[in-house]
Amino acid sequence: MKTFFPFNQLKDISITKKLYFVIGTMAVLIVVELGTLWFSIHTLSAVRALVSAEGLWSKAQKDAAYQLQKYRYSHNAADYEAFQNFMSVPNGDHKTRVELLKPDFDIAIARQGFLEGRVDADDIDGMISMLRRFYRISYISKAIGIWTAGDSMITKLVIIGEILHNEISSGHPSEEILNKIASEIDPLNVQLTQLEDNFSLTLGEGSRWLEHIILKLLFVVALTVEISGLVMSITVSRGITKGLKEITRAANRIKKGDLTDRAAIFARDEIGKVALTMNQMTDQLVQSNKELGQFAYITSHDLQEPLRTITNYTDLFQEDYRGKLGDEGDKYLNSINKATVRMSNLIKDILEYSRIGKNKVFESVDCNKIVNDVLHDLETAIQESNAVINVGKLPVINGYSELRSLFQNLISNAIKYRKKDQQLVIDIGASKGEDEWNFWVKDNGIGIENIYFERIFTIFQKLHSQKEYPGTGIGLANCKKIVELHGGKIWVSSEPNIGSTFYFTIPQIT
Ligand code: ADP
């Protein structure tokens, strides 16, 4: 599968660093998410604060209008003072608005304006940043437009107040003039109420729009955090699992004796290093096996010579002195004879084992012919065991001459490991698979327990007593080597006291 890792080279860094990378990235994304949340909450609360500032603004404007109407009849300077006091709220907000729209805006003046407008000191900075940041957003710019219109009406109210105050302070106020001036207050008040309503509606819509946007934004950020965290974790853990699975796979193959297998290296992290070390170890093992094979070959080859001398002299000795040395002497001679036979079999088998694949010649092999030859060679043993041997139709295949030795080992084992009290039947056959030939050699002998099914193919493994079933423990290791030389597999299926079937496959090579 194609890696999801953001940068391909990151797959080569150590697992610890990969984990740090994932956790680090997650932490950064969570900080981004929290930042977005913080920003959203602040912006929304600034909008809410602006709405409540507008509430204060309109209440003060209404109270101011009321005080002005009261002053017109009471002519009491305290009422005019109260009017001016109430007017300080819209005037303060006006100061802030004008300052905010200046390119070289002074935050201190803007703050002071809102303070005069009785805005809570804690809300001021948030409101100022929100207005500066979003003044281009339609809802905010519309609200500022309404605010500006409201301010110009407030200016009118101030002027009306001044004219009224001048008329009353003149000492001889004209009722007619006072009535005329006061008649302008209510229409202005109505107009201002409309503007105030519009302002609230616009900000209400704006805050709903903003909430909507913020929710979407938070959803997208949260989704990004979750998905990227998930993708990174899956990618890192897949990388680890893939590497470990590959090492386990190769180790199992190597354990089963396939020394040609190597673990694929997917990354240069710790797992990659383990795979590399295991591959190097296997190379070393192959090399040692080779050297060991050579050593076995040379020593067994060199042992043949002195052994031949011992055998020859023992034969001579037996011919000349049998019966003359007494029972004890004959017993010793027999023992020497048996030991030399065993030793020469062992040397022969070791030599054969080390020779497999050495001078391999790929040729057309008629399996019928080689099985017949083997049966001919084993004629004495077959007669002694009174075996019934059924040979099916065997193919002519492309392979190495060692195939003969393979059949030889399997058939002679079937004869050797027979049950003494039962008619021995051996079936030899083959069937054609998709890309290979499947062969079997089946007997009804003493059988093998399933815990030994793999072990018997390892050199020098013997399950049965040496006295009853003499052997070297090399035959099946030979068979495995020969089958694997062809790229095939060999295995056994058996039940103690029922019999064994040895199967092997030989790929069809052209
Ligand atoms: P050996 O020289 O002892 O026959 P092999 O490598 O041919 O060595 O076989 C290994 C062991 O597998 C044998 O010692 C025997 O215990 C067991 N074995 C092999 N073939 C058979 C069989 N046909 N039936 C039962 N046991 C078998």
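Toward the positive end of the charge dipole of region 289-355, with +1 on the Cβ of Lys and Arg and -1 on the Cβ of Asp and Glu, the farthest Cα among SER354, ASN337, THR311 is that of SER354. Placing a label point 7 Å from the Cα of GLN294 along the Cα-to-Cβ direction, the residues of region 336-370 whose backbone N falls under 15 Å from that point are 354-355, 358. This model, with +1 at the C-beta of Lys and Arg and -1 at the C-beta of Asp and Glu, gives region 363-507 a dipole about its Cα centre of some 300 debye. Scalar couplings 3J(HN,Hα) for region 102-108, obtained by applying the Karplus form with A = 6.51, B = -1.76, C = 1.60 to θ = phi - 60°, are 6, x, 9, 5, 10, 5, 5 Hz; x denotes Gly and Pro. Between their Cα atoms, which of LYS360/LYS432; LYS420/LYS480; LYS290/LYS360; LYS393/LYS432; LYS442/LYS489; LYS442/LYS480 are more than 21 Å away from each other? Violating the 21 Å limit, Cα to Cα: LYS360/LYS432; LYS420/LYS480. Placing R0 at 22 angstrom, the Cβ-Cβ distance between SER228 and LEU34 gives a FRET efficiency of 0.90 after rounding to 0.05. Taking a straight line from the alpha carbon of LYS348, these lysines sit under 17 Å away, with near neighbours fewer than eight places off in the same chain left out: LYS338, LYS358, LYS481.
Evaluating 6.51 cos²θ - 1.76 cosθ + 1.60 at θ = phi - 60° for every residue in region 327-336, the Karplus couplings come out as 4, 4, x, 4, 4, 4, 4, 4, 4, 4 Hz, glycine and proline recorded as x. Considering only VAL374, LEU463, VAL231, the residue lying farthest towards the positive end of the dipole of the chain is VAL374, judged by Cα position with unit charges set on Cβ. The listed peptides 469-479, 153-163, ordered by packing as a protection proxy, come out as 469-479, 153-163 (highest mean of other Cβ atoms within 10 Å first). What the phi angles of region 141-158 give under the Karplus curve with 6.51, -1.76 and 1.60, with θ = phi - 60°, is a coupling list of 5, 5, 4, 5, x, 5, 4, 4, 4, x, 4, 5, 6, 4, 4, 4, 4, 4 Hz, glycine and proline written as x. Think of region 72-128 as having a plus end and a minus end, set by charges on the Cβ of Lys, Arg, Asp and Glu; of GLY113, THR96, PHE83, PHE83 sits farthest toward the positive end of this dipole. Across all directions, the shadow cast by the convex hull of the chain built on its C-alpha atoms averages 43.9 square nanometres.
Only the Cβ atoms of Lys and Arg (+1) and of Asp and Glu (-1) were treated as charged; on that basis the dipole of the chain about its Cα centre amounts to roughly 1860 debye.
Packing, as the average of other Cβ atoms within 10 Å across residues, places the peptides 138-144, 249-255 in the order 138-144, 249-255, highest first.
A straight line joining the Cα centroids of region 352-395 and region 448-483 runs 19 Å.
Partners of LYS102 within straight-line reach, counting lysines whose Cα lies under 20 Å from its Cα and excluding those fewer than 8 residues away in the same chain: LYS142. Taking all protein chains together, ASP261, ASP186 sort by accessible area into ASP186, ASP261, largest first [probe 1.4 Å]. Within the straight-line cut-off of under 13 Å between alpha carbons, the aspartates and glutamates reachable from LYS255 are GLU454, sequence neighbours fewer than 8 places apart in one chain being disregarded.
With the convex hull of its Cα atoms as the shape, region 19-218 has an orientation-averaged projected area of 13.3 nm².
Counting only alpha carbon atoms, the long axis of helix 77-100 and the longest principal axis of the chain meet at about 40°. Taking 0.36 nm per residue of sequence separation and removing the Cα-Cα distance, the GLU184/GLU270 pair yields an extension gain of 22.3 nm.
Each Lys and Arg adds +1 at its Cβ and each Asp and Glu adds -1 at its Cβ; summed about the Cα centre, region 46-87 shows a dipole of about 120 debye. Projected onto its three principal axes, the C-alpha set of region 356-417 covers 36, 25, 16 Å, listed from the longest axis down. Residue ranking by accessible heavy-atom surface, 1.4 Å probe, largest first, among LEU230, LEU131, LEU375, LEU463 comes out as LEU230, LEU463, LEU375, LEU131.
Length gained on full extension, GLN112 to HIS212: 32.8 nm, using 0.36 nm per residue less the C-alpha separation. Distant-in-sequence amide contacts of GLU436, defined by a placed amide H-H separation under 5 Å and a gap of 5 or more residues or a different chain, comprise GLN508.
What the Cβ-Cβ distance of ASN372 and ILE336 gives, at R0 = 25 Å and to the nearest 0.05, is a FRET efficiency of 0.10. When each of the peptides 453-460, 410-417, 40-47 is scored by the mean number of other C-beta atoms lying within 10 Å of its residues, the order from highest to lowest reads 410-417, 40-47, 453-460.
The values are calculated or read from the model by the stated rules, or taken from the named source; none is laboratory data. Note that the coordinates shown come from a computational prediction; the quantities given were computed from them, not determined experimentally. Virtual Cβ from ideal backbone geometry, glycine too; neighbours counted across all protein chains shown. We work out accessible area using only protein heavy atoms, side chains counted, and drop any ligands, DNA or RNA first. Shrake-Rupley method; radii C 1.70, N 1.55, O 1.52, S 1.80 Å.
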